[in-house]
Amino acid sequence: MRLVFVGPPGAGKGTHAKILSNRHKIPHISTGDILRARIKDGSDIGKIAKSYVESGGLVPDEVVIQMMKERLQEEDTKQGFILDGFPRTLRQAEAFDRALKQLSIRLTAVVDFKASLKTVLRRLTGRRVCPKCNTNYHVVNMPPKKNNMCDVCGEALVQRKDDLEETIRKRLEVYDKDTQPLVDYYRNTGLLQIVNADLEVEDLDKELESTLKSLTAV
Ligand code: AP5
């Protein structure tokens, strides 16, 4: 299965990509997670990306495209992948199409996580993340078992720098302007599947699984 998840910040792409990745044993590749790791380790990509990521803007296309071309050639992607956060602009989508052609592979589907503004604001302001293993939590919807500690590795949870209200607003504007046009782009290729991302975790997971089942049964 080769999937691309699109949808506004906070729609649940990362959370559900992780669930499906564990169940179907295919890698979850999040450009946001990769960029945040590069920022943390101070690499060249991280130095370029830092100000864009922290202010809610998009990292330049050429940086992200090169980073993803390299990532998609790694061995673990041979059995499939779930891309979360890439492509994010039409230019990235076109470069991605060319890379797929060169690798002679086809996407299974592009899943659009359709969520209301109310949902994404509630989810982003309540999100907490583990800085070590990237597991996501939510103070109300998905709290950790122990107060503010990661269930997986025991690390203290933090709030992402770009989850402050003003930056969230900017990310939503950037999404509408630069990423929303991808939905039409993929609708025209026949790859688009829409899920109701306002649903809670268990129900959205069921909807995703039934969507994927209908695709792989074809
Ligand atoms: P990125 O990390 O990709 O952020 P994003 O797209 O804004 O998406 P989020 O991670 O905020 O939301 P999500 O949909 O994954 O929601 P989540 O599952 O966490 O990108 C960050 C930055 O990196 C960008 O702003 C940009 O600067 C840069 N970047 C990344 N890719 C780039 C690219 N291709 N080009 C250029 N720049 C790029 O869920 C949110 C919360 O809700 C969590 O607390 C979770 O517990 C909860 N939750 C999730 N699902 C549910 C549910 N079904 N029910 C109830 N609660 C739920």
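The values are calculated or read from the model by the stated rules, or taken from the named source; none is laboratory data. Please read these numbers as outputs of a predicted model, since none were measured by experiment. Don't worry about glycine lacking a Cβ; one is built from the backbone with ideal geometry, like all the others, and counts go over all protein chains shown. Please note that ligands, DNA and RNA were not included when accessible areas were found on the heavy atoms of the full protein model with its side chains. Shrake-Rupley method; radii C 1.70, N 1.55, O 1.52, S 1.80 Å.
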**Complete:** Counting only DSSP beta bridges fully inside the chain, the antiparallel percentage to nearest 5 is 25 percent
**Request:** Send over a whole-number figure in Å² for the accessible area per residue of region 76-218, probe 1.4 Å.
**Result:** 58 Å²
**Message:** Could you work out the relative contact order of the chain? I mean the mean sequence separation of Cα pairs under 8 Å and 6+ apart, divided by the number of residues, in percent.
**Reply:** 29 percent
**Asked** For region 141-182, taking Cα atoms only, what is the radius of gyration to one decimal and the Dmax to the nearest whole Å?
**Response** 15.1, 41
**Message:** Can you give the local net charge around F86? Use residues other than it whose beta-carbon is closer than 15 angstrom to its beta-carbon, Lys and Arg +1, Asp and Glu -1.
**Reply:** -1
**Computed Rg/Rh of the chain, alpha carbon atoms with Kirkwood Rh** = 0.93
**Asked** Between D112, D176, D198, which gets the highest mean-square fluctuation from a Gaussian network model of the chain, Cα cutoff 10 Å?
**Response** D176
**Prompt:** Using a 4.7 Å Cβ cut-off, which Cys residues in the chain lack a partner cysteine?
**Reply:** C133, C153
**Request:** Please find, in a Gaussian network model of the chain (springs between Cα atoms separated by less than 10 Å), the residue of N141, N196, N188 whose mean-square fluctuation is greatest.
**Result:** N188
**Prompt:** Of I39, Q79, V53, whose Cα points farthest to the positive end of the dipole of the chain (charges on the beta-carbon: +1 Lys, Arg; -1 Asp, Glu; origin at the Cα centre)?
**Reply:** I39
**Message:** Looking at the chain as a GNM with Cα springs under 10 Å, which of I82, I194, I105 has the largest mean-square fluctuation?
**Reply:** I105
**Message:** Could you compute the net charge surrounding K177? Neighbours are other residues with a C-beta less than 12 Å from the C-beta of K177; K and R count +1, D and E count -1.
**Reply:** 0
**Prompt:** At 222 nm, what helix-only mean residue ellipticity would the chain give, in deg cm²/dmol to the nearest 500, using -39500 (n - 2.57) for each DSSP H run of four or more?
**Reply:** -14500 deg cm²/dmol
**Asked** With charges set only on the Cβ (+1 for Lys and Arg, -1 for Asp and Glu), what does the dipole of region 168-209 come to about its Cα centre, in debye to the nearest 20?
**Response** 400 debye
**Calculated Rg and Dmax of region 110-218 using C-alpha coordinates, Å** = 16.3, 46
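Quote the relative contact order of region 85-161 in percent (integer), defining contacts as alpha-carbon pairs under 8 Å separated by 6+ residues. Intermediate values should be presented prior to the final figure.
Values: 59 pairs, mean separation 15.6, N = 77.
Reported as a whole number, the value is 20 percent.
What is the sum of charges, Lys and Arg at +1 and Asp and Glu at -1, for the other residues whose Cβ falls under 11 Å from the Cβ of R23? All intermediate terms of the calculation are to be shown ahead of the outcome.
Numbers: positive: K18, K25; negative: D205, E209.
That works out to 0.
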**Item:** Computed magnitude of the charge dipole of region 60-218 (debye, nearest 20; Cβ of K, R +1, Cβ of D, E -1)
**Value:** 160 debye
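Placing unit charges on C-beta atoms (Lys and Arg positive, Asp and Glu negative, everything else neutral), compute the dipole magnitude of region 88-165 about its Cα centre in debye, rounded to 20. Please list the in-between numbers first.
Numbers: 16 positive and 8 negative charges, 15 e Å.
Approximately 80 debye in magnitude.
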